[in-house]
Every structure is written in structure tokens, then in C-alpha cells.
1. State which residue is surrounded by the fewest Cβ atoms within 10 Å (Cβ to Cβ) when the search covers only segment 206-222 and only residues that are part of a loop (DSSP other than H, G, I, E, B) and within 21 Å of the chain's Cα centre (by Cα).
2. With free of Cβ contacts under 8 Å to residues at least 24 places away in the same chain and out of contact with any Ser or Thr (no Cβ under 7 Å at 6 or more places or on another chain) as the only criterion, which of Ala122, Ala106 stands out?
3. Consider only pairs whose beta carbons are under 6 Å apart and that are at least six residues apart or on different chains; among these, list those whose first residue lies in segment 322-345 and is closer than 18 Å to Val222 by Cβ and whose second residue is among the hydroxyl-bearing types (Ser, Thr, Tyr) and not in a helix (DSSP H, G or I).
4. Does Thr201 qualify as being closer than 18 Å to Val72 by Cβ, in a strand (DSSP E or B) and polar (S, T, N, Q)?
5. Only one of Thr131, Thr138 is of a type in the set (S, T, N, Q) and either within 8 Å of the ligand (Cβ to nearest atom) or without any contact (Cβ under 8 Å) to a residue 12 or more places away in the chain (or both); which?
6. Output the residues belonging to segment 40-74 that are part of a loop (DSSP other than H, G, I, E, B) and either within 25 Å of the chain's Cα centre (by Cα) or crowded, with 20+ Cβ neighbours inside 10 Å (or both).
7. Within segment 221-241, is even one residue within 19 Å of Gln310 (Cα to Cα), in contact (Cβ under 8 Å) with a residue 40 or more places away in the chain, out of contact with any Cys (no Cβ under 7 Å at 6 or more places or on another chain) and not assigned by TED's automatic domain parsing to the domain that holds Leu143?
8. Identify all residues within segment 338-358 that are surrounded by fewer than 23 Cβ atoms within 10 Å (Cβ to Cβ) and either part of a strand (DSSP E or B) or modelled with pLDDT of 95 or more (or both); write none if there are none.
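The values are calculated or read from the model by the stated rules, or taken from the named source; none is laboratory data. Everything quoted here is computed from the prediction, not taken from an experiment. As a convention, Cβ positions derive from the backbone with ideal geometry for all residues, glycine included, and neighbour counts pool all protein chains shown.
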Amino acid sequence: MDSTLKERIAGTLAPTLRGPVVLPPDPDFDDARRVYNGMIDRRPAAIVRCADVTDVMATVNFARENSERLAVRGGGHNAAGLGVADDAIVADLGRLRGVHVNPDAATARVSGGCTLGDLDHATHAFGLAVTGGIVSTTGVGGLTLGGGLGYLARKCGLTIDNLLEVDMVLADGRFVTANEKENADLFWAVRGGGGNFGVATSFVFRLHPVSTVYAGPTLWRVEDTVEMLAAYRGWMEEHDADTDFYGFFLVQRLPAAEPFPPELRGKTVCGVMWCMTGTIEQAENALKPVRAARKPILDWAGPMPYPALQSMFDPFYPAGMQWYWKADFVGELSDKAIEINAEYGKDSPGTLSSTHLYPVDGVASRVGPTETAWGYRDAKWAQVIVGVDPHPKNRDAITRWSKSYWEALHPHSLGGAYINFMMEEGQERIQATYRGNYDRLAAVKRKYDPRNFFNANQNIKPAGHRQTA
Ligand SMILES: Cc1cc2nc3c(=O)[nH]c(=O)nc-3n(C[C@H](O)[C@H](O)[C@H](O)COP(=O)(O)OP(=O)(O)OC[C@H]3O[C@@H](n4cnc5c(N)ncnc54)[C@H](O)[C@@H]3O)c2cc1C
């Protein structure tokens, strides 16, 4: 880092902050710059561990006034590692962790650096929940701004469908609130448009009475993928109107570890992760045909607290592994697509690779395509293909597998992908994510961030702007 920047940080930024600034060669610099995906190795100029909203405003102002690039880090889980950028100043929100639940109003105000685990922990105490992703260390910030899908998507909609308000620090340093009435254009854009418009310092969510769910995996042999994926398609069709019925299909290498039985450890299987939100009796009735279709090789579905389900994948996916992501939205799941999933799914090179088909229909599909920035309300699934392995030496193999799997499947998709499941794949893929909403997003970007200050993200260019950052 150039020494004058270091002096300017020490002279003008650091004294105004409550949180520390981590700079090279501080002993914790390497730890502070690391993100969840071990494939990402970026060296920012400085990392500001923001302690409060004032620190966020100071960091934004300092970066802008000194013409430095800014990256904003929530939970650091982004596939493409967008919470950190080379030579940038990182506003790390990891200390903004408060959750305030209002049980009477069934809402929660959630600070911008919270993880899903923080959110579920706080709301579960009141028997309430909101849609969030399947690994509890994921940041609420990045997940929400990109859309947010998870086990409650059919019952409660996407995370953004439950967003009532957001507080933000804009590129010019102003602090604003956006909701249906105030800054409504900004509120529209942040519901899917990612971190393009400012730093979200808190979110207010509508909560739902979800506490115990009937959930967990039912697994079959990978050789049965064609049969079971076709059967799963049929179960989802049958339960189209029943939003308590949720299951995502997976083809997955199981961890070579407990609690899996020795004969399944390290094996690739197919199956469904269930999350039924009705009564136990309803769930068991709904699963009768599933259990009767073909005898599962493992069936752990049963009643459990919602946060237990939300953290079920956590132990198998510690931070720092190699991840290569490819994704698409799926409308109708054709027989041909089922065959391709069976063919590629069984051959993954990574020791924890998978494909997941997450339902995004039900309540999520009852929101209009232009009501929020999320452009695929007609999709039935958001599919993700992830090559995952602990060893950097397998990086190329998992990348090749994910890409070739995706290339074979892409013609059977709706064309675009969930923005939070993408690596850095270029403008064409970003535009495909937003379909007809892209131009409106670009116009909102021009209004709130005309110089494209927030560009360490899946970047939406301000309308009429030529910068290529
Ligand atoms: C293991 C794993 C499981 C996942 N499961 C799911 C899932 O079930 N459902 C789902 O929807 N997604 C899931 N995701 C994807 C996840 O939504 C994205 O990775 C998301 O970007 C993570 O947000 P983050 O805050 O952790 O990321 P970060 O890397 O910190 O940030 C990602 C982007 O969001 C921006 N950002 C983050 N917080 C803020 C903020 N407060 N204000 C402004 N900008 C911000 C950053 O600048 C960056 O551009 C999963 C990811 C992983 C790694």
C-alpha cells in the first residue's frame, strides 16, 4: 500500500472511528482479508472493522474523498468473493450484529453485518422466522440484497418479499431510510439489485409463526437419480398449491464423516431436503408416497426446531474450501434436463460437490415480475451447481466439472441465474439475471450512485455511464 494512503488513514480516518483499521502487515491482516471461498485471494489496502453506522459513514466518505475503491463485506460468503477487492478499502460490517425482535408486530430489525444464525437465534425465541439460506454463517446483508431464498420460500416468499425497510449509507455519505413510502425507487432496487446502491446498515423484516418444522433429508442411491428426480417433479406438481410442502432436490457427495453411516460416507447420492411447515401429521401424510416410492437409503426427516434445520449443513462446509459456482433458473424440469442432472451429478470430482434445485414458487411466485428487482417470478427452481473441495490442487477439476455440467444444462433453463449463485461472469449474465428490470435498475443506480462508487458487486452500471469497473 502506498505510504501516503496509510498516513491519510492514520491521520484522518482512524481517529474518527470506534472500530479498528486492519492494515498490512498487522498480524491479523491475512485473517481479516480471507473470505468464505478459499479460491479467492485478494489483498485490500485496508479493512475497517466498522463498529457502528457512524463508522460506515466515515469509511464511505473517506474512500470517496480519497478516490479509493470501496468494498463492503457482510458475511463474506459471496461465491465470487465480492466482500473484498484488491487495493480497496473494505467496510467490514461484521461487528454490526444486533437483532431486535418486536414479537407483537412480528418484525425484526437486523443490523447489516448479521449472519443468518444471528437472525434465526433471535427470532426463534419468539416462535418466529423469516426466509433465509441453508448455511447459518451466510450474511443477511448479501443474501437479502440479492433476493434470499431458502426453506421458507414457498411458505413466506423470498427474503426480499418480507423486507419492510432498509437503512442505508449512500455514495455521497447520506444516511437514508427506504421503504414503500420513502425513497420507494431505492427500496424497489435493493430488493434483488445487490450491494449496488449503498451500504445497508439495518433491515426490518416481517416474521412468520414458524418454530418446529418437519424436516431433514431422504436419500436414495445416485443410480436412481432419473427415477427419483422425476418422482420429485411429480410431488412438487401435486403440492403446487400447498405452500407448507417444501423440499429441494439434491445430487450430493456426502461428507466422509459422522453422522453418516460408514457405507454412505464420501458417496454421491440423490435425495430431497424437506421442510414441512404444517402439522406433524400433515407432513407425515405428505411423505407417505415419498417413502413408499422407493426405499430410501437414509431417511432422517422428522420434527426439529427451525434453527437446527438452518444449520444442518454447517459442520460439513467450514470456511476456506474451494468453491466454483454455476447457476440458472429453471421453469419446467424436462426429461432431458433430468437425464443431464443424473449424468453429470454422479461424476463430480470434488469431495463435497453438489447440485441443488431450490423451489422458488409458491408465495415467492405470487409477487409480480416488476414489483421488485427479482426478475424470475415465473421460475420454479433456482438451480445451483457447486464444485466443492478442500484442496486447492482440485480447483481446476471442480471448475471444469461445474462449467461443463452447466453448459449441458443451460439450454434447458430460463436463461438467467440467481445473482447470489454466480461467480464474476460478466455483464451479459448480470443483465440476464434482471431481464426487463435491468434498465430500471440502471436508472435508479444513476440517481443514487451516478459515479458507480459501489462497484465491488455484481455491477449494475448507472444508465449512460461508461466506466468499466
Ligand atoms: C455455503 C453457502 C450457502 C448459501 N446458501 C444460500 C441459500 O440457501 N440461499 C441464498 O439465497 N443464498 C445462499 N448463498 C449465497 C449467498 O446469498 C451469497 O453468497 C451472498 O452474497 C452472501 O452474503 P454475505 O453478506 O455473506 O456476502 P459478502 O461476501 O460479505 O457480500 C456479498 C455482496 O453483498 C454486498 N453486501 C453484503 N452485505 C451488505 C450490506 N449490508 N450492504 C450493502 N452491501 C452488502 C457486498 O458488497 C458484496 O457485493 C449461500 C452461500 C454460501 C457460501
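1. Of all residues in segment 206-222, those part of a loop (DSSP other than H, G, I, E, B) come to 207, 209-211.
Filter once more, so that each one left must be within 21 Å of the chain's Cα centre (by Cα): 207, 210.
Details: Leu207: 22, Val210: 20.
Looking at residues that are part of a loop (DSSP other than H, G, I, E, B) and within 21 Å of the chain's Cα centre (by Cα), I get Val210.
2. Ala122
3. As it stands, the answer is Gly345/Thr355, since those pairs meet every condition given.
4. Numbers: closer than 18 Å to Val72 by Cβ: yes; in a strand (DSSP E or B): yes; polar (S, T, N, Q): yes.
It is true that Thr201 is closer than 18 Å to Val72 by Cβ, in a strand (DSSP E or B) and polar (S, T, N, Q).
5. Sole residue among the options that is of a type in the set (S, T, N, Q) and either within 8 Å of the ligand (Cβ to nearest atom) or without any contact (Cβ under 8 Å) to a residue 12 or more places away in the chain (or both): Thr138.
6. Ile40, Asp41, Arg42, Arg43, Pro44, Ala45, Cys50, Ala51, Asp52, Arg69, Gly74
7. First, the residues of segment 221-241 that are within 19 Å of Gln310 (Cα to Cα): none.
Checked segment 221-241: no residue is within 19 Å of Gln310 (Cα to Cα), in contact (Cβ under 8 Å) with a residue 40 or more places away in the chain, out of contact with any Cys (no Cβ under 7 Å at 6 or more places or on another chain) and not assigned by TED's automatic domain parsing to the domain that holds Leu143.
8. Within segment 338-358, Ile338, Glu339, Ile340, Ala342, Glu343, Tyr344, Ser354, His356 qualify.
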